[in-house]
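Below is one structure, written out as structure tokens, with a few remarks after it.
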Amino acid sequence: MIPSLPRSLVSRCANIGYVGAFFVFLFVPLVVVAVFAFNDANYPAPPWRGFTLNWFVGSSGGRIGLFGDAPLVKSVATSAIVACWVTALSIAFGAANAFLLERARFRGKTALSMLMLAPLVIPGVILGISILAFASRLAQFANDFLGIEIDFLRPGLPLVVLGQFSYIVSIATLTIAARLKRFDITLEEAAFNLGASRRDVFLTIMLPHLKPALVGAGAIAFLMSFENFNTTLMLVGSDAPLTIMMYGRMREGASPVLNAVSLFLMVASMLLALALLRRPERADVSRALP
Amino acid sequence: MADRLRSRTTATLAGDFVAPHMRLALFLLLAPALLWLLGLIVLPHVDLAVLSLRTRVAPRTYELGFGNYRTFIDEPLYWHTFVRTAVMSIFATVCTLLIAFPAAWYIAKIARGRAKSLLFVMCLIPFWVSETVRTLGWMILLRESGVLPRLLVELGITAKPVELLYHDTTILVGLVYTSMLFMVVPLVSALESLDDSLIEAAYDLGGNGLSILRQIVIPHAAPGIAAGSIIVFMLTLGNYLTPTLLGGKNSLWFTEQIYTQFITRFNWEQGAAFGFLLLVLSTAIVWLGLVVTGQKFGDVMRRS
């Protein structure tokens, strides 16, 4: 129960013990991944055989480290490119949607706002197959009736971007709309009364107000895109993003190079997370987490 | 000048779009939303439904009907997998709730000040990392040559390393782990809004731990419990990575069947039918959860 009520020593200890065990459960898999990235053995398993950086920089003796593994490095780059596209599209569409929901009045707005949340409750695999099937139909149509081949409608990175965008933009919309809702409209009126133009008002009042939400939505979009697996799996062509590449290798067998790339990912996402949490507007970011 | 000013202010104040140039603005704002929702959500799903109703009777010949759904019913493997996926998802959701609740209680009610925000952020950290990485961690922990079987041998609990991967329990552990965040966050925010004095009053009036939990805490936290459960269930049902990697070759998960039909067998019509069944199940459970707890979809999504 709560601290203001009398609690026995036993129940206090049980509380702390439980919470301790809970956090061990949360962190053990990550710690294990990190530790075995430095083990001097060809297989990520105990016992500990000494410290090595081979799995990061190695290039000889059958050990190709992360930075020498060209397909792996390329897949990281592919993921980054996809994530940049998804982020840019999500921010742009999310901002437009936020203004639509908060400022415009039209019939069917409630229905539209519900529909905007729908992608969040559709399983990722199904978003993937429906977009795959629809794009193929469009491509087939273009081929049959217009005699043109539209490459980007075939499985590949453009479809991956569209697939991830289709639900990540819902989260961006929610984040930006929540911030826009808190905007004090009298500020805008005051600026207009003082003779500011629409453009001035937007650039000097609206944009600074929205900036934390735009940055937060962008960071979340980037991370979710980078980590996406389900939707990507269905839409991917010959260029595999990192998650797909790792999945393929994990099915083939284990190698500490996967631990190395995982550690690299962990450090990168921690840094991004910490940078966001340090910002004074952290409430926006933690609220926007899926 | 005054006129122009006033028309501007009323337009922003009322926020509605009446004048012709405002209609244009409304149209410009609507265009991206419609492009997204129609182009990537509504039309593809309509197309998927149509596709699922076409049955292949001979190469390149199709017939309209429920043939693909009949295959689902006639073939025990398919509907067994479907039922199994649903039951295990429900089970995983319940386990996640039971494990997350005490932890959320501690964060929301017992921890104070810096410790509280530190614990909360610590809950979030593992989920900034990709699911692939987390699954890799479990594989290294549980496989026969892995950390945990070795630990059991060294503690003298088992004589030789046991294989802990590729069991249904392993899948369950992986699913619970992956879903934890989505349960903890709504629970913490629901419990934080519960006034401590209510619990104190109940205690003064003679309530014990169990009756306070049942009559005060759970009714108050119900929206958070529902929100967390709905999201965890949906994510578990649609998960692909955890069951395939932790469950190995003998595990059956419905998303795997969809993948097999679409990518391996290239039988899109059958795959579309499976996809639609999964979508219907997922939507039905989400809807049921909302109706039972009397909540609105929009509120739940915003809360999580």
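The values are calculated or read from the model by the stated rules, or taken from the named source; none is laboratory data. Model, not experiment: these values are computed from the prediction. Don't worry about glycine lacking a Cβ; one is built from the backbone with ideal geometry, like all the others, and counts go over all protein chains shown.
Residue-wise test of (1) closer than 30 Å to B:Ala227 by Cα; (2) facing chain B (nearest Cβ under 10 Å); (3) modelled with pLDDT of 75 or more.
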site	(1), (2), (3)
A:Thr243	yes, yes, yes
A:Met246	no, yes, yes
A:Leu258	no, yes, yes
A:Leu263	no, yes, yes
A:Leu277	yes, yes, no
A:Ala288	yes, no, no
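Answer yes if at least one residue in the stretch A:92-106 is touching a residue at least 40 places away in the same chain (Cβ under 8 Å), surrounded by 21 or more Cβ atoms within 10 Å (Cβ to Cβ) and either farther than 30 Å from A:Ala172 by Cα or more than 11 Å from every other protein chain (Cβ to nearest Cβ) (or both), and no otherwise. No, the conditions are met nowhere in the stretch A:92-106. Report whether or not A:Met250 is at the interface with chain B (Cβ under 7 Å from one of its Cβ atoms), hydrophobic (A, V, I, L, M, F, W, C), closer than 30 Å to A:Ser130 by Cβ and touching a helix residue (DSSP H, G or I) at 6+ places or on another chain (Cβ under 7 Å). Here the answer is yes, as A:Met250 does meet what is asked.
When B:Ser282, B:Ser251 are screened for being within 11 Å of chain A (Cβ to nearest Cβ), surrounded by fewer than 24 Cβ atoms within 10 Å (Cβ to Cβ) and polar (S, T, N, Q), only B:Ser282 passes. Here the stretch B:183-197 is the region considered, the condition is being part of a helix (DSSP H, G or I) and facing chain A (nearest Cβ under 10 Å), and the residue that is surrounded by the fewest Cβ atoms within 10 Å (Cβ to Cβ) is B:Ser197. The stretch A:49-120 holds helices (runs of 4 or more DSSP H) entirely within its bounds, and those carrying 2 or more residues that are closer than 30 Å to A:Phe36 by Cβ map to A:54-57, A:70-103. Only one of the numbered conditions (1) at the interface with chain A (Cβ under 10 Å from one of its Cβ atoms); (2) of a type in the set (Asp, Glu); (3) in contact with an Asp or Glu (Cβ under 6 Å, 6 or more places away or on another chain) is not met by B:Glu163, and that is (1). Residues of the stretch A:114-147 that are within 7 Å of chain B (Cβ to nearest Cβ) and either surrounded by fewer than 14 Cβ atoms within 10 Å (Cβ to Cβ) or farther than 30 Å from A:Gly237 by Cα (or both): A:Met114 alone. Being in contact (Cβ under 8 Å) with a residue 24 or more places away in the chain, under 29 Å from B:Val173 (Cβ atoms) and part of a loop (DSSP other than H, G, I, E, B), is that true of even one residue in the stretch A:22-38? Yes; the residues of the stretch A:22-38 include at least one that is in contact (Cβ under 8 Å) with a residue 24 or more places away in the chain, under 29 Å from B:Val173 (Cβ atoms) and part of a loop (DSSP other than H, G, I, E, B). For the stretch A:36-66, the tally of residues that are within 28 Å of the chain's Cα centre (by Cα) and either buried (at least 17 other Cβ atoms within 10 Å of the Cβ) or closer than 22 Å to A:Leu157 by Cβ (or both) stands at 8.
Kindly establish whether B:Arg150 is in a helix (DSSP H, G or I), at pLDDT 85 or above and surrounded by fewer than 20 Cβ atoms within 10 Å (Cβ to Cβ). When the stated conditions are applied, B:Arg150 passes them. The condition (being modelled with pLDDT of 85 or more, β-branched (Val, Ile, Thr) and either surrounded by fewer than 16 Cβ atoms within 10 Å (Cβ to Cβ) or outside any helix (DSSP H, G or I) (or both)) is satisfied by just one residue among B:Ile157, B:Ile140: B:Ile157. The single condition among (1) surrounded by fewer than 17 Cβ atoms within 10 Å (Cβ to Cβ); (2) facing another protein chain (nearest Cβ under 9 Å) that A:Ser8 does not meet is (2). For the stretch A:226-237, the criterion of a residue being under 23 Å from A:Ala133 (Cα atoms) and surrounded by fewer than 17 Cβ atoms within 10 Å (Cβ to Cβ) is satisfied by at least one position. Take the conditions (1) modelled with pLDDT under 90; (2) buried (at least 18 other Cβ atoms within 10 Å of the Cβ); (3) of a type outside the set (A, V, I, L, M, F, W, C); (4) outside any helix (DSSP H, G or I); B:Asn239 misses just one of them, which is (1). Are any of the residues in the stretch B:43-64 touching a Phe, Trp or Tyr at 6+ places or on another chain (Cβ under 8 Å) and farther than 21 Å from A:Leu132 by Cα? Among the residues of the stretch B:43-64, not one is touching a Phe, Trp or Tyr at 6+ places or on another chain (Cβ under 8 Å) and farther than 21 Å from A:Leu132 by Cα, which makes the answer no. Regarding A:Val31, is this residue farther than 30 Å from B:Gly207 by Cα and buried (at least 20 other Cβ atoms within 10 Å of the Cβ)? For A:Val31, the condition - farther than 30 Å from B:Gly207 by Cα and buried (at least 20 other Cβ atoms within 10 Å of the Cβ) - is not met.
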